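Peer 1: Would you mind keeping the following structure in view while I ask a few things?
Values quoted throughout were computed directly from the atomic coordinates according to the rules given, and no laboratory measurement underlies them. As the structure is a computational prediction, the values presented were derived from the model and not from experiment. In this analysis, Cβ positions are derived from the backbone assuming ideal geometry, glycine residues included, and neighbour counts consider all displayed protein chains.
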């Protein structure tokens, strides 16, 4: 078992959480283009799942981190950090991270693909490109570098 403590750089801590907020907002815009009222529910649900539930799942003790980030370091690490700051010991939180990937990536991208096929629009294509960009970049951070 790993005994190294995780250290989150301030740039990752702040930037990663802001990027997750932006990603959530763009995903909400994608939902809004199809279902206006559902987008507000989606946004609030996503924010609650990420910044309340996932943060709590990731931060149950300060024993694993060099400095306390109250769970925000784990969130940014899971989605935008390199392999050294991804906590793979917490299997429950990792399962929840996969659910969040589906919520922020798969669902809005599928919806935007459907909407874009029905009617090509520059704004829809831009939202779709942004969603793909966030999703691919975030998934790429999980790959091991040789």
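Peer 1: Would you work out the relative contact order for the range 10-140, in percent, from Cα pairs under 8 angstrom that are 6 or more residues apart? Walk me through the numbers on the way to the answer.
Peer 2: Numbers: 121 pairs, mean separation 42.3, N = 131.
Computed over the range 10-140, the figure is 32 percent.
Peer 1: So how much slack lies between residue 110 and residue 82, counting 0.36 nm per residue of separation and subtracting their Cα-Cα distance, in nm? It would help to have the intermediate numbers written out before the result.
Peer 2: Values: separation 28, 0.36 × 28 = 10.08 nm, distance 2.68 nm.
7.4 nm is the gain from fully extending residue 110 to residue 82.
Peer 1: Now for a separate question. So, R0 is 30 Å and r is the distance between the beta-carbons of residue 9 and residue 47; what FRET efficiency does that work out to, to 0.05?
Peer 2: Details: r = 24 Å, r/R0 = 0.79.
Efficiency computed from Cβ-Cβ geometry: 0.80.
Peer 1: Can you tell me the length gained on complete extension of the stretch residue 144 to residue 99, counting 0.36 nm per residue apart and subtracting the Cα distance? Mind dumping the intermediate values first?
Peer 2: On the way: separation 45, 0.36 × 45 = 16.20 nm, distance 2.15 nm.
Value of the extension gain: 14.1 nm.
Peer 1: Reported to two decimal places, what Rg/Rh ratio describes the chain when computed on Cα atoms with Rh from the Kirkwood expression? Show your work: numbers first, answer last.
Peer 2: On the way: Rg = 16.1 Å, Rh = 15.9 Å.
Using only Cα positions, Rg/Rh for the chain is 1.01.
Peer 1: Return one number: the angle in degrees, 0 to 90 and rounded to the nearest 10, between the long axis of the Cα atoms of helix 91-101 and the longest principal axis of the Cα atoms of the chain.
Peer 2: Roughly 20 degrees between the two axes.
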